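Just below is one structure, and these are the notes that go with it.
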Amino acid sequence: MSQYAVTQHEDVYTLYTLADASTDSAVTICPERGAIAISCRLNGEELFYLDRDTFVDPEANIRGGNPILFPICGQLVNGRYEWDGVTYPMRNHGVARNRPWEVVSYSAEGEAVLTVRLVSGEGTLGEYPWHFELLFTYVLKNGELHIRQTYRNLSDTAMPMYAGFHPYFRTSSKAIVYNTDATRYLDYNDNEVKPLEGVVDLEGLKESIALLDAGLSQIGFPGPDGSGAVTLRYSDAFKYVVLWQVDGKPFICVEPWMALTTELNRREELPMVAAGEELQLELSIAYTKA
């Protein structure tokens, strides 16, 4: 029996599950719903929270899994931005998470792999007037999930983008010591920069906080039951990690972002991809048992 497998099955939508039998690991992706990973079981532990009602409702933003954020993370001022004298509307977190992606290929040779693709079209150009191609490859190997990303600018002008992820991690506590070398965070609840010291308690906070000055491109925190360790590693382009929760819901979001919210309005550190060029990034998620 092969260590790896990729299976296709139906549950309201067509789903693809990558499996690693040797580590009791499996990751399930829904290409039709923004190519979101809705489940991530590593070394026998389900890491992701999922509100199924929002998943099955095609008009709802999915609350759970690991939504893909592109071309922006967060919000825009009044849901709009201006570029070259034209004002465009754009929903929170961009255009990628609410659109169907195409399955390009999958394989179980030496690792479980699924590659999906999103290309600009009439549906995106009204919000984001650049032609682009996104290729995301989900890889499950040795009990770790890797998401390899290619962002291609198919336009003849430079393309602004600050991508990210919005993973919802199951948790038994919102008061957590994060394994990070960041020393400060921006608290969006009062827009104050504060020192990061010891326990971060998100309980009761309506808005997110953003870790500002990490030097290492990784962050760790306890597993769902408070034991073990979840570790996210990511490309240096993800300069920030945003933390968010909803009172009464058993999750925390630990979100690698390339720039902070409203950056497309502020343009203080706006990443640009040159015409005809591409950006290649990676995010990995690992879980170690106690």
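In this structure, does Ile72 turn out to be crowded, with 21+ Cβ neighbours inside 10 Å and out of contact with any Leu (no Cβ under 9 Å at 6 or more places or on another chain)? Spell out the reasoning first.
Working: crowded, with 21+ Cβ neighbours inside 10 Å: yes; out of contact with any Leu (no Cβ under 9 Å at 6 or more places or on another chain): no.
Here the answer is no, as Ile72 does not meet what is asked.
For the list (1) polar (S, T, N, Q); (2) under 14 Å from Pro71 (Cβ atoms); (3) not in a strand (DSSP E or B), I need the number of the one condition that Ser172 fails.
(2)
Restricting to the stretch 2-22, give me the number of residues that are out of contact with any strand residue (DSSP E or B) (no Cβ under 7 Å at 6 or more places or on another chain), hydroxyl-bearing (Ser, Thr, Tyr) and either farther than 13 Å from Glu109 by Cα or part of a strand (DSSP E or B) (or both).
Adding up the residues that qualify gives 1.
Considering each of Thr14, Thr54 in turn, give the residue that is among the polar types (S, T, N, Q), closer than 21 Å to Gly164 by Cβ and open to solvent by 20 Å² or more (accessible area, probe 1.4 Å).
Details: Thr14 fails: closer than 21 Å to Gly164 by Cβ.
Within the list Thr14, Thr54, the selection yields Thr54.
Consider the stretch 175-216. How many of its residues are outside any strand (DSSP E or B), surrounded by 17 or more Cβ atoms within 10 Å (Cβ to Cβ) and either over 20 Å from the mean Cα position of the chain (by Cα) or not β-branched (Val, Ile, Thr) (or both)? Give the steps one after another, and end with the answer.
Of the stretch 175-216, the ones outside any strand (DSSP E or B) are 177-178, 180-183, 188-191, 196-199, 202-208, 212-216.
Pick out the ones that are also surrounded by 17 or more Cβ atoms within 10 Å (Cβ to Cβ) and you get 178, 180, 182, 188, 196, 202, 205, 208, 212, 214.
Now restrict to residues that are either over 20 Å from the mean Cα position of the chain (by Cα) or not β-branched (Val, Ile, Thr) (or both): 178, 182, 188, 196, 202, 205, 208, 212, 214.
Result for the stretch 175-216: 9.
Look through the stretch 147-169, keep the residues that are among the charged types (D, E, K, R) and in a strand (DSSP E or B), and return whichever of them is most open to solvent (accessible area, probe 1.4 Å).
First pass over the stretch 147-169, keeping only residues among the charged types (D, E, K, R): 148, 152, 156.
From what is left, the residues that are in a strand (DSSP E or B) are 148, 152.
Details: Arg148: 98, Arg152: 74 Å².
It comes out as Arg148.
If only one of Pro224, Pro167 is in contact with a Ser or Thr (Cβ under 7 Å, 6 or more places away or on another chain) and either in contact (Cβ under 8 Å) with a residue 12 or more places away in the chain or closer than 22 Å to Leu69 by Cα (or both), which one is it? Steps first, please.
On the way: Pro167 fails: in contact with a Ser or Thr (Cβ under 7 Å, 6 or more places away or on another chain).
None of the other options fit; the residue is Pro224.
Could you give me the residue pairs with C-beta distances under 7 Å whose first residue belongs to the stretch 264-290 and is more than 30 Å from Val27 (Cα to Cα), whose second residue is part of a helix (DSSP H, G or I) wherever it lies, and which are 6+ apart or on separate chains?
Once the first residue is more than 30 Å from Val27 (Cα to Cα) and sits in the stretch 264-290, its partners that are part of a helix (DSSP H, G or I) give Asn265/Val77; Glu269/Glu263; Leu270/Glu263; Leu270/Leu264.
Since Gly110 meets every condition but one in (1) under 17 Å from the mean Cα position of the chain (by Cα); (2) modelled with pLDDT of 95 or more, which condition does it not meet?
Here Gly110 meets the rest and fails (1).
Let me confirm something: among Glu127, Glu144, which residue is surrounded by fewer than 22 Cβ atoms within 10 Å (Cβ to Cβ), of a type in the set (D, E, K, R) and in contact (Cβ under 8 Å) with a residue 60 or more places away in the chain? Walk me through it before giving the result.
Details: Glu127 fails: in contact (Cβ under 8 Å) with a residue 60 or more places away in the chain.
Exactly one residue qualifies, and that residue is Glu144.
Out of the residues in the stretch 130-141 that are open to solvent by less than 20 Å² (accessible area, probe 1.4 Å) and among the hydrophobic types (A, V, I, L, M, F, W, C), which is farthest from the chain's Cα centre (by Cα)?
Quick first cut of the stretch 130-141, residues open to solvent by less than 20 Å² (accessible area, probe 1.4 Å) only: 130, 132, 134, 136, 138-140.
If we keep only those that are among the hydrophobic types (A, V, I, L, M, F, W, C) as well, we get 130, 132, 134, 136, 139-140.
On the way: Trp130: 21, Phe132: 19, Leu134: 14, Phe136: 12, Val139: 15, Leu140: 16 Å.
Among residues in the stretch 130-141 that are open to solvent by less than 20 Å² (accessible area, probe 1.4 Å) and among the hydrophobic types (A, V, I, L, M, F, W, C), the one farthest from the chain's Cα centre (by Cα) is Trp130.
Among residues belonging to the stretch 79-123 that are of a type in the set (D, E, K, R) and outside any strand (DSSP E or B), point out the one that is surrounded by the most Cβ atoms within 10 Å (Cβ to Cβ).
Initial filter on the stretch 79-123 (of a type in the set (D, E, K, R)): 80, 82, 84, 91, 97, 99, 102, 109, 111, 117, 122.
Narrowing the set further to residues that are outside any strand (DSSP E or B) leaves 84, 91, 97, 99, 109, 111, 122.
Details: Asp84: 6, Arg91: 14, Arg97: 21, Arg99: 17, Glu109: 9, Glu111: 16, Glu122: 6.
Ranking the candidates gives Arg97 first.
Within the group Glu207, Glu282, Glu255, which residue is within 30 Å of Arg41 (Cα to Cα), in contact with a Gly (Cβ under 7 Å, 6 or more places away or on another chain) and at pLDDT 95 or above?
Numbers: Glu207 fails: in contact with a Gly (Cβ under 7 Å, 6 or more places away or on another chain); Glu282 fails: in contact with a Gly (Cβ under 7 Å, 6 or more places away or on another chain).
That would be Glu255, the only listed residue that is within 30 Å of Arg41 (Cα to Cα), in contact with a Gly (Cβ under 7 Å, 6 or more places away or on another chain) and at pLDDT 95 or above.
The values are calculated or read from the model by the stated rules, or taken from the named source; none is laboratory data. Values in this document were obtained by computation on a predicted structure and should not be read as measured data. Heads up, the Cβs are rebuilt from the backbone with ideal geometry, glycines too, and the neighbour counts pull from every protein chain shown. Just the protein is used for accessible areas: all its heavy atoms, side chains included, with ligands, DNA and RNA removed. Shrake-Rupley method; radii C 1.70, N 1.55, O 1.52, S 1.80 Å.
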